[in-house]
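Engineer: What follows is a single structure, and I will ask about it in a moment.
The values are calculated or read from the model by the stated rules, or taken from the named source; none is laboratory data. Keep in mind it's a predicted model, so treat the numbers as computed, not measured. Cβ sites come from the backbone with ideal geometry, for glycine too, and all protein chains shown count toward neighbours. Note: areas computed on protein heavy atoms with side chains; ligands, DNA, RNA excluded. Shrake-Rupley method; radii C 1.70, N 1.55, O 1.52, S 1.80 Å.
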Amino acid sequence: MKYWFPIDQYIGGVEHAILHLIYSRFWTRMMRDLGLIVNDEPVKRLFTQGMVIKDGAKMSKSKGNVVSPDDMVARYGADAARMYSLFAAPPDRDLDWQEDGVAGVSRFLGRVWRLTTKHAAAARAGRGQSAEAPSGVSLKLLRKLHQTIAKITLDFEGRWHFNTCIAAIMELVNEIQAADAQLSAGEVAPPVVLELLRSLVLLLAPFAPHLVAELWEELGEQGTVLRAPWPQSDPELAKEDELEIPVQINGKLVSVVRVAADADVKTIEAAALAGEKVKARIAGKTVVKLIVVPGKLVNLVVR
């Protein structure tokens, strides 16, 4: 009993709040009072998941609005059906089931397959090679990769927002595809190609395990992908050289300025005041206050 209790994590729908939770707490307190267990509560953490909605009602066998998983797997594959369920909504919100969404995820996974297999040979060639300091398109791609790793790791560990994880993977794939010509021309070093595709596969593994098992072999990796260590984000590679900072006047957005990521307050102030739109808005007026939040915001209070 000391080994198994209390339960670490309880996940259930809101309709379980009375039957499961109240009854489990009742039995726990009773067994505690009888000296059979020592814990006061049955679980340490509670997560209430959303419902799956179809045709405006909760999906239910009695209502006849159930979608057969077997049909979805037969038409789109298990990975697409699984990934759509995670992508369509945060886990604590209701999910409005749309079959078009499953088809869309299936098309995305097809893009991942084509992109990875197209450049798999270059990735395999990068194994064992020492990578030079990245620059140009290589640096841009690695920066996006390590930003994506950091975001997904945070969402997994801290928020369970798997939908934003998948959205971040889609953005990463778009970035890699945009550089397809450079990849095909050999302008991206093989070690960088290997890091990009290997990390992409690892990030996708919790969502589309069957697809990535095949891609893992395509990249020449040994063992099962689900046993491989999670990729780690390099803060230096993830750091932007420049930042876009919104400039507001009396709380309303007027423009956006680009400054160096390590720019000080005076530099940010100067860049904000030099903008033509800002100049036009403050002409003939008095700047009562100028607030700078480095890396985030510039706000001018004028009269």
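Engineer: How about region 193-216: which of its residues are in contact with an Asp or Glu (Cβ under 9 Å, 6 or more places away or on another chain) and open to solvent by 10 Å² or more (accessible area, probe 1.4 Å)?
Structural biologist: Of everything in region 193-216, those that are in contact with an Asp or Glu (Cβ under 9 Å, 6 or more places away or on another chain) and open to solvent by 10 Å² or more (accessible area, probe 1.4 Å) turn out to be ARG198, PRO209, HIS210, LEU211.
Engineer: Okay, moving on. With the requirement that a residue be surrounded by 12 or more Cβ atoms within 10 Å (Cβ to Cβ) and more than 32 Å from the chain's Cα centre (by Cα), what does region 248-270 give you?
Structural biologist: If the condition is that a residue be surrounded by 12 or more Cβ atoms within 10 Å (Cβ to Cβ) and more than 32 Å from the chain's Cα centre (by Cα), then ILE249, ASN250, THR267, GLU269, ALA270 are the ones that fit.
Engineer: Among the residues in region 57-67, are any within 30 Å of ALA167 (Cβ to Cβ), open to solvent by 40 Å² or more (accessible area, probe 1.4 Å) and in a strand (DSSP E or B)?
Structural biologist: Yes, there is a match, as at least one residue in region 57-67 is within 30 Å of ALA167 (Cβ to Cβ), open to solvent by 40 Å² or more (accessible area, probe 1.4 Å) and in a strand (DSSP E or B).
Engineer: Which condition from (1) under 20 Å from the mean Cα position of the chain (by Cα); (2) open to solvent by less than 60 Å² (accessible area, probe 1.4 Å); (3) not hydrophobic (A, V, I, L, M, F, W, C) is the one that GLU157 breaks?
Structural biologist: With respect to (1) under 20 Å from the mean Cα position of the chain (by Cα); (2) open to solvent by less than 60 Å² (accessible area, probe 1.4 Å); (3) not hydrophobic (A, V, I, L, M, F, W, C), GLU157 is out only on (2).
Engineer: Could I ask something else about it? Taking ALA74 and the conditions (1) at pLDDT 85 or above; (2) under 28 Å from PRO206 (Cα atoms); (3) of a type in the set (A, V, I, L, M, F, W, C); (4) surrounded by 12 or more Cβ atoms within 10 Å (Cβ to Cβ), which numbered condition does it fall short on, given that it satisfies the others?
Structural biologist: In the conditions (1) at pLDDT 85 or above; (2) under 28 Å from PRO206 (Cα atoms); (3) of a type in the set (A, V, I, L, M, F, W, C); (4) surrounded by 12 or more Cβ atoms within 10 Å (Cβ to Cβ), ALA74 misses (4) alone.
Engineer: Can you find, within region 90-101, the residue that is surrounded by the most Cβ atoms within 10 Å (Cβ to Cβ) among those that are out of contact with any helix residue (DSSP H, G or I) (no Cβ under 6 Å at 6 or more places or on another chain) and within 9 Å of GLY50 (Cα to Cα)?
Structural biologist: LEU95
Engineer: Taking region 17-56 on its own, how many of its residues are touching a residue at least 12 places away in the same chain (Cβ under 8 Å), closer than 22 Å to SER85 by Cβ and not in a strand (DSSP E or B)?
Structural biologist: Count: 2.
Engineer: Also, I was wondering about something else. Is there a residue being outside any helix (DSSP H, G or I), of a type outside the set (Asp, Glu) and closer than 30 Å to VAL14 by Cβ anywhere in region 96-116?
Structural biologist: Yes; the residues of region 96-116 include at least one that is outside any helix (DSSP H, G or I), of a type outside the set (Asp, Glu) and closer than 30 Å to VAL14 by Cβ.
Engineer: Turning to a different aspect of this structure: Please find, within region 226-247, the residue that is surrounded by the fewest Cβ atoms within 10 Å (Cβ to Cβ) out of those that are farther than 17 Å from HIS146 by Cα and touching a strand residue (DSSP E or B) at 6+ places or on another chain (Cβ under 6 Å).
Structural biologist: Top of the filtered list is GLU244.
Engineer: Pairs only if they're at least six apart or on different chains, beta carbon under 9 angstrom, first in region 292-303 and open to solvent by 40 Å² or more (accessible area, probe 1.4 Å) and at pLDDT below 90, second part of a loop (DSSP other than H, G, I, E, B) and among the hydrophobic types (A, V, I, L, M, F, W, C); list them, first residue then second.
Structural biologist: PRO294/ALA263
Engineer: Which one is nearest to GLY158 (Cα to Cα) among residues in region 37-56 that are modelled with pLDDT of 90 or more and surrounded by 14 or more Cβ atoms within 10 Å (Cβ to Cβ)?
Structural biologist: VAL43
Engineer: Can I ask one more? Of the residues in region 264-290, how many are farther than 23 Å from GLU240 by Cα and not in a helix (DSSP H, G or I)?
Structural biologist: Number of matching residues: 8.
Engineer: Condition first: polar (S, T, N, Q), over 30 Å from LEU197 (Cα atoms), buried (at least 16 other Cβ atoms within 10 Å of the Cβ) and at pLDDT 90 or above. Can you find one or more residues in region 25-36 that meet it?
Structural biologist: yes
Engineer: Out of the residues in region 1-24 that are among the aromatic types (Phe, Trp, Tyr) and open to solvent by less than 80 Å² (accessible area, probe 1.4 Å), which is nearest to the chain's Cα centre (by Cα)?
Structural biologist: My answer is TYR10.
Engineer: On to the next question. Give me the pairs: first residue in region 131-152 and open to solvent by 60 Å² or more (accessible area, probe 1.4 Å), second residue in a helix (DSSP H, G or I) and not hydroxyl-bearing (Ser, Thr, Tyr), beta-carbon distance under 6 Å, and six or more apart or on different chains, which are they?
Structural biologist: Cβ pairs passing all conditions: ALA131/PRO191; LYS151/ALA168.
Engineer: Considering VAL259, VAL254, VAL192, VAL247, which residue is in contact with a Lys or Arg (Cβ under 7 Å, 6 or more places away or on another chain), among the hydrophobic types (A, V, I, L, M, F, W, C) and not in a loop (DSSP other than H, G, I, E, B)?
Structural biologist: Checking each option against the conditions leaves just VAL254.
Engineer: Could you tell me whether region 218-240 includes any residue that is modelled with pLDDT under 90 and over 30 Å from PRO191 (Cα atoms)?
Structural biologist: The answer is no, given that none of the residues of region 218-240 is modelled with pLDDT under 90 and over 30 Å from PRO191 (Cα atoms).
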